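Notes follow once the structure below has been shown.
Throughout, read-outs are computed from the coordinates displayed, never taken from laboratory work. Keep in mind that this is a model prediction, so the values were computed, not measured. Don't worry about glycine lacking a Cβ; one is built from the backbone with ideal geometry, like all the others, and counts go over all protein chains shown.
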2 protein chains.
Amino acid sequence: MSRYSETEIVALYRVMHERRDMRHFLPDPVDPQVLTRLLAAAHLAPSVGLMQPWRFVRITDRALRREIQTLVEAERVATAEALEERSDEFMRLKVEGILECGELLVAALMDGRERHVFGRRTLPEMDLASVACAIQNLWLAARAEGLGMGWVSLFDPQALARLLVMPEGAKPVAILCLGHVEKFYPAPMLELEGWAQRRPLQELLFQNTWDNTEELT
Amino acid sequence: MSRYSETEIVALYRVMHERRDMRHFLPDPVDPQVLTRLLAAAHLAPSVGLMQPWRFVRITDRALRREIQTLVEAERVATAEALEERSDEFMRLKVEGILECGELLVAALMDGRERHVFGRRTLPEMDLASVACAIQNLWLAARAEGLGMGWVSLFDPQALARLLVMPEGAKPVAILCLGHVEKFYPAPMLELEGWAQRRPLQELLFQNTWDNTEELT
């Protein structure tokens, strides 16, 4: 029942195809009304037990933005060291556009999550899954509105929590760079740069038991 | 640049508004071509370091489906016990449609994830965030195609991993009930049933520091 029109379905698949993790931005400001629509889209996401664990901190203080970039730069260097033989290759990649993007947001898990047991008794990490769904909504909506976004996870969460004066139990999970872009990458930047390749879908689908890749239909 | 047409943008926000976590299904089969499109949509999701950690197991064996439902039922009872004073209220909720839905999928984290360090040195759980983005893509695409989906996280992940013969290191994170529905709930079922209420967006947005809720614009 209630299948959408062909035009609407095509639009949805198009935005999924054209969404990119952006690290290059133009400094132009983001229209506040558009930003509000994007955050409202995030808030339409599913959440485990309807707990709505997402919180968004909008960074408007320039000095704070620089401090956040400094945190990320420290983790970038630490990651390069951990990567060993791919260290140089990693250091050549642009991994964030924190200082350039029009809007900087931090997405976080709220505090007090231990009170929410529905769907989390054996899988407490479902709260993060809910926040990720919210971020994906925001990302798709941004792309349709002509804005790029990048999800940066190169940071020490405790240090970032301190910087934003988060209460005990809250945890930042994403630094979101949002803004106008000159153009969207035609493919994932990490693919264009040769860091990794996209795998054929068929290799990721199994039937009844793991690694049983017999034809699905 | 490259803002989508008004029609396309409206379609995207519409599908986010109308997506629901469904637990009531019609038994009609899902068109295999549609299923393939939905899984391809999932595979368009962003992933940390382009690691593509998602795997999908399609359950076509009827006996296996019953075993999965038995696992969920056991966890439903255990959750009710953990909920204490809300136990009876919880037990009255319909939490899954595993035996009724046209297609049953299990979404899982792949094994061997420890090799992927990019974006995960301090936040290893970003792999789950990527899988959640893939599931959200699938969910939105299903809604546009006129199909309902429910994400069930009431299960013991180790028991489900054993049932699907998953290798060490792989982990199931979602039982996805997918299929035709008589109608989509007009609001989240847990809201209609009085389990929880949606919160105003403004309460979830802060500026620069936590709990600083001054106006965003």
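Of note:
- Environment charge of A:A107, counting only residues whose C-beta is closer than 14 Å and scoring Lys/Arg +1, Asp/Glu -1: 0
- Measuring from each cysteine beta-carbon in the protein assembly as shown, the ones with no other cysteine beta-carbon under 4.7 angstrom are A:C133, B:C133.
- Karplus 3J(HN,Hα) series, Hz, for segment B:189-200 with 6.51 cos²θ - 1.76 cosθ + 1.60 (x for Gly, Pro): 4, 5, 6, 4, 8, x, 6, 7, 10, 6, 8, x
- Partner lysines for A:K183 [C-alpha distance under 17 Å; skip if fewer than 8 residues away on the same chain]: A:K94
- Full extension of the segment from B:A40 to B:L93, taken as 0.36 nm per residue of separation minus the current Cα-Cα distance, would add 15.9 nm.
- Cα gyration tensor, the protein assembly as shown - rounded (a/c under 1.5), prolate or oblate: rounded
- Label separation (A:Q158 vs B:E6): 5.3 nm, computed from points 7 Å beyond Cα along the C-beta direction.
- Take the Cα of B:E85, step 7 Å toward its Cβ, do the same at B:D31, and the gap between the two points is 5.1 nm.
- Segment A:6-189: C-alpha gyration tensor shape, a/c 1.5 cut-off, then a/b vs b/c: rounded
- Distance between the C-alpha centres of segment B:149-217 and segment A:3-37: 22 Å, rounded to the whole angstrom.
- Between the residues B:L160, B:V15, A:L64, the greatest Cα displacement towards the positive end of the dipole of the protein assembly as shown, with unit charges on the Cβ of Lys, Arg, Asp and Glu, is found for B:V15.
- Amide H contacts for B:A174 (H built 1.01 Å from N in the peptide plane; partners 5 or more residues away or on another chain; cut-off under 5 Å): B:A107.
- Over chain B, relative contact order from alpha-carbon pairs under 8 Å, at least 6 apart, %: 32 percent
- Given their separation in residues at 0.36 nm each and the Cα-Cα distance between them, A:T209 and A:E168 gain 10.7 nm when the chain is fully extended.
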